[in-house]
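Here's the structure we're looking at; comments come further down.
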Amino acid sequence: MLANASLILAFLICSSLPIAATLIIAALILSFVYSPLPLFLAASEIFWKVSTEFTLTSVPLFVLLGEILLRSGIAERMYGAVALWLNRLPGGLLHANIGASTLFSATSGSSVATAATIGTVALPEVRRRGYNERLFLGSLAAGGTLGILIPPSIHLIIYGMITNTSVPKLYLAATVPGLIMAALFSLLIVVICLIKPSYGGERIEASWSQRFASLADLVPIILLFLVVIGSIYTGFATPTEAASLGLVFALGLVWWYGRLSLELLHECFTGAMKATAMIMLIVLASYFLNFVLSVIGLSQQLTSFIADLGLSPLQTMLVVIGFFVVLGCFLESLSMLVTITPLVAPIVVALGYDPVWFGVILTILLELALITPPVGINLYVVQAIRGRGSIQDVIAGSLVFVVSMFALIGLLFAFPEIALWLPARFAE
């Protein structure tokens with residue numbers, strides 16, 4: 001049954017169907033073949049129950065928040081300020097791509113929104129200042145992945161809902177690894193540009209007075225982060241309520257800058273509705289597939305299969321990581337999260353690993369899926385914004401950053417406290 005289910009899913013994915021349709025069709029086929037019960041009759045109840053989850057309400061709010069920051073010009077001002085402060089490092093604007101992605105991730109919760117926003121602002125500079133185009137494109141795609149690791153991450157919210165894990169603790173656990181990931185990206189850029197100085201392009205000349213003046217453009221993003229994340233950490237608001245507070249604060253910022261208009265709101269709401277519809281349909285389809293897999297006993301078969309391998313906990317985790325790396329080449333990160341997590345998370349927890357720690361490891365593996373071909377969505381987002389050339393350039397530039405992701409996974413295995421120290425303090 002396990003092999004047949006894998007073949008069915010693989011065939012549907014290769015048929016280029018939309019991922020939500022793939023998951024629903026796979027669920028229907030498996031239910032008709034392996035269950036005597038009409039499982040499709042439960043679909044409406046599952047869809048209603050999942051779609052009315054209070055925690056999931058934060059997803060469209062964070063998506064809308066990212067749209068507002070992009071279309072109002074706040075993100076562009078932020079990028080300009082970051083560029084002035086990081087231009088002295090070997091690599092210049094390559095570090096601005098990472099730094100701006102880090103800051104934007106701290107308010108948007110979405111990888112696609114982060115890559116699209118920073119890419120839109122940064123790409124005009126790649127030829128103007130003579131940067132190595134492949135590395136520049138790769139820094140945008142890899143920097144965008146920080147959107148699902150650094151709080152407020154939409155993926156962490158969904159992981160918490162699936163595994164019944166505290167979202168505030170997941171946010172605390174992901175904060176330090178997210179910053180380390182950004183630092184590792186920048187360190188990799190420094191090493192590459194020291195070896196190949198021509199890759200670093202022309203630096204932006206700026207005086208210290210210009211740098212300090214630019215700090216005013218960073219204040220809105222920092223304040224927005226404090227409103228959203230601070231309200232969660234202090235216990236003042238749930239993630240959903242914090243998203244609402246952040247949205248109201250962002251609208252206030254847009255009004256302050258004189259950019260608030262009906263046309264802007266229409267663009268933001270339209271973009272947010274499209275993105276939310278895609279996300280929610282994938283989530284609903286995945287929950288229905290998980291229900292079918294559980295009823296026909298496939299989840300139990302997978303658990304028994306891994307247990308029968310007789311591996312140590314560390315060896316089992318390495319198998320799980322390898323499984324996600326391979327699967328990430330063929331599945332979109334969100335669909336992989338909601339489809340595979342209910343199967344794998346109980347196994348990992350039974351091995352003695354902390355579910356909060358595993359949530360961070362899993363999110364890094366999902367980041368990896370965002371920049372690995374042929375399905376890495378950030379690759380296509382950056383290429384779409386670029387609008388010319390071959391996507392092979394984006395792929396080649398992105399793959400070097402995979403080294404940093406594996407390095408962080410290794411650090412988390414060697415020093416789990418990197419992720420668990422803040423949640424432990426928070427619990428106290």
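For the stretch 86-121, filtered to residues that are farther than 15 Å from ALA142 by Cβ and of a type in the set (A, V, I, L, M), the residue that is modelled with the lowest pLDDT is ALA113. Restricted to helices (runs of 4 or more DSSP H) entirely inside the stretch 86-168, those with at least 2 residues that are touching a Gly at 6+ places or on another chain (Cβ under 6 Å) and closer than 19 Å to LEU399 by Cα are 93-108, 111-122, 133-144.
The residues of the stretch 353-376 that are buried (at least 19 other Cβ atoms within 10 Å of the Cβ) and at pLDDT below 90, listed by number, are ALA369, LEU370, THR372, VAL375, GLY376. Of all residues in the stretch 236-269, those that are in a loop (DSSP other than H, G, I, E, B), under 19 Å from THR55 (Cβ atoms) and touching a residue at least 12 places away in the same chain (Cβ under 8 Å) total 1.
Per this entry, ALA285 is not counted among residues that are under 19 Å from ILE154 (Cα atoms), at pLDDT 85 or above and part of a helix (DSSP H, G or I). Within the option set LEU343, LEU331, LEU314, LEU302, being out of contact with any Asp or Glu (no Cβ under 6 Å at 6 or more places or on another chain), at pLDDT 85 or above and either outside any helix (DSSP H, G or I) or hydrophobic (A, V, I, L, M, F, W, C) (or both) holds for one residue only, LEU314. When ILE162 is tested against (1) modelled with pLDDT under 90; (2) over 17 Å from TYR79 (Cα atoms); (3) crowded, with 24+ Cβ neighbours inside 10 Å, exactly one condition is not met: (3).
Please work out which residue is nearest to ALA173 (Cα to Cα), limiting yourself to the stretch 383-419 and to residues that are of a type in the set (A, V, I, L, M, F, W, C) and part of a loop (DSSP other than H, G, I, E, B). Checked the stretch 383-419; the qualifying residue nearest to ALA173 (Cα to Cα) is PHE415.
Based on this model, can you work out whether ALA350 counts as over 28 Å from VAL375 (Cβ atoms) and either touching a Gly at 6+ places or on another chain (Cβ under 9 Å) or surrounded by fewer than 18 Cβ atoms within 10 Å (Cβ to Cβ) (or both)?
Values: over 28 Å from VAL375 (Cβ atoms): yes; either touching a Gly at 6+ places or on another chain (Cβ under 9 Å) or surrounded by fewer than 18 Cβ atoms within 10 Å (Cβ to Cβ) (or both): yes.
In short, yes.
Taking the stretch 105-118 as the range and being under 19 Å from LEU253 (Cβ atoms), among the hydrophobic types (A, V, I, L, M, F, W, C) and within 12 Å of the chain's Cα centre (by Cα) as the test, the residues that pass are ALA106, ALA113. Name the residue that is surrounded by the fewest Cβ atoms within 10 Å (Cβ to Cβ), counting only residues in the stretch 174-208 that are more than 22 Å from ARG129 (Cβ to Cβ) and either free of Cβ contacts under 8 Å to residues at least 40 places away in the same chain or touching an Asp or Glu at 6+ places or on another chain (Cβ under 9 Å) (or both). The qualifying residue surrounded by the fewest Cβ atoms within 10 Å (Cβ to Cβ) is ALA183.
The values are calculated or read from the model by the stated rules, or taken from the named source; none is laboratory data. What you are looking at is a predicted structure, and each value in this text was computed from that prediction instead of being measured. FYI the Cβ positions are ideal-geometry reconstructions off the backbone, even for glycines, and counts take in every protein chain you see.
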